[in-house]
1. Starting from 0.36 nm per residue, how many nanometres of slack lie between Glu69 and Lys35 once their C-alpha separation is accounted for?
2. Under a point spin-label approximation (7 Å from Cα along Cα-to-Cβ), what is the Ser51-Lys84 distance to one decimal in nm?
3. Straight-line reach from Lys84: which aspartates and glutamates fall under 15 Å, measuring Cα to Cα and dropping same-chain residues less than 8 apart?
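Every number here is computed from the coordinates shown, using simple stated rules; none is lab data. Nothing here was measured: the structure is a model prediction, and the numbers come from that model. Cβ placement follows ideal geometry from the backbone for every residue including glycine, while neighbour counts extend to all protein chains displayed.
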Amino acid sequence: LNVNVPQAAHSEAKATTAVNLVYSQSREIFLGQEKLTLRDLKFQLEAMVKSDPLLHIAILADEAIPYGEVVELLDLVRVSGIKKVALEVKAKKAE
């Protein structure tokens, strides 16, 4: 799944393994390789955090997605009980 995440001047390597949550330019949501609706995503995340309270989620949102929609997704993740959330970016190329 190809998602064009935004660039950032400073990015760090992942310190821990995280489950990828992808929000594509076409507004499709994938948890790992599974395509889900927002409603189903909430239930899936709640079940996952029950079995692993230290679960980490990495959100990969296409840069074309409006900021407000990314915040809504982030809120849903947090309401589901996930405490460790990262927003994935790619490093800007040196000039």
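1. Contour length minus the Cα-Cα distance gives 10.5 nm.
2. About 1.7 nm, to one decimal.
3. Here the aspartates and glutamates satisfying the reach criterion relative to Lys84 are Glu46, Asp52, Asp75.
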